[in-house]
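> One structure, as C-alpha cells, below. Some questions next.
Read-outs: derived from the displayed coordinates by stated rules, not from any lab. The model shown is predicted, which means the values in this text are computed figures rather than measured ones. A quick note on method: Cβ atoms are made from the backbone with ideal geometry, for glycine too, and the neighbour counts reach across all protein chains shown.
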Amino acid sequence: MIAPRQRGFLVISAVFLVVVLAALVGYLMTVSTTSQAASAADQSSARAYQAARTGAEWALYLVSASGPSGGGTLKTDCGAGSTTKTLSPGGVLAAFTVTVSCTSAAYTEGGNTVRRYSITSNACNDPNAGICPNNTATSTTYIDREVAVSVTDQ
C-alpha cells in the first residue's frame with residue numbers, strides 16, 4: 001500500500017507569514033500617523049506661542065512711551081483701569097486669534113507715581129465669540145497659548 005502524499009504543508013506557513021506582515025504594516029501605519037499628527041500639533045503650538053508673543057509685544061509698544069496716546073488707545077484705556085483688545089495676525093499666524101488684556105495700577109515709589117501695566121496675551125485657533133481662551137473647546141486640534149508681561153512707565 002502506498003501512503004498518500006501530503007499536500008498544503010507550506011500553505012500554513014504562507015498564511016502565518018501574510019498575517020504577521022499585515023500586522024507589522026498596520027503597526028507601522030499607526031506609528032507613522034501618530035508621528036505626523038504630533039508633528040503638526042507641535043508646529044501649531046509653536047505658531048500659537050508666536051501669535052501670543054506678538055500680541056504681548058504689540059501691547060508693550062502701545063503702553064510704552066514711544067507708543068501712541070490719546071483717546072481710544074490701549075495706553076489710555078489701560079491707564080484708566082483695564083481693557084481688552086482682539087487682534088487677527090496675518091501670514092502663517094492667520095489661523096489664530098489673539099486677545100490682549102491689560103490692567104494697570106498706580107504706585108508711589110520714592111515720591112514718584114509709577115504706573116504698572118500687566119499685559120496678558122492669549123492666542124488660540126478656535127475662539128469663543130471671538131475671544132481667547134476658549135474654555136468650551138472640545139476639538140482635539142484646539143491650541144491655546146498665553147504670554148504675560150508687566151512693565152512700568154518709568
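> Choose one answer from Ala23, Ala80, Ala48: the residue with the largest mean-square fluctuation in a GNM of the chain with alpha-carbon springs under 10 Å.
Top of the fluctuation ranking is Ala23.
> Please report, in whole Å, how far the alpha carbons of the range 43-123 spread along each principal axis, starting with the longest.
Principal extents (largest minus smallest coordinate, Cα): 48, 24, 20 Å.
> Could you list Val151, Val92 in order of exposure, starting from the residue whose Cβ has the fewest other Cβ atoms within 10 Å?
On the way: Val151 14, Val92 11.
Starting with the residue having the fewest Cβ neighbours, the order is Val92, Val151.
> Positive end of the dipole of the chain, charges at C-beta (+1 Lys, Arg; -1 Asp, Glu), about the Cα centre: which of Ala14, Thr84, Ile2 has its Cα farthest in that direction?
Final value for the positive-end residue is Ile2.
> At 10 °C and a viscosity of 1.306 mPa s, what translational diffusion coefficient does Stokes-Einstein give for the chain, taking Rh as the Kirkwood radius over Cα pairs? Give it in µm²/s as a whole number. Please report the intermediate quantities before stating the final value.
On the way: Rh = 19.6 Å.
Once the numbers are plugged in, D ends up at 81 µm²/s.
> Can you sort Phe96, Phe9 so the residue with the fewest Cβ neighbours within 10 Å comes first? Intermediate results must be reported in sequence, preceding the final value.
Values: Phe96 28, Phe9 7.
In increasing order of surrounding Cβ atoms, one gets Phe9, Phe96.
> Choose one answer from Asn135, Asn112, Asn122: the residue with the largest mean-square fluctuation in a GNM of the chain with alpha-carbon springs under 10 Å.
Asn112
> If contacts are Cα pairs under 8 angstrom and at least 6 residues apart, what is the relative contact order of the chain in percent?
Values: 235 pairs, mean separation 31.9, N = 154.
Value for the chain: 21 percent.
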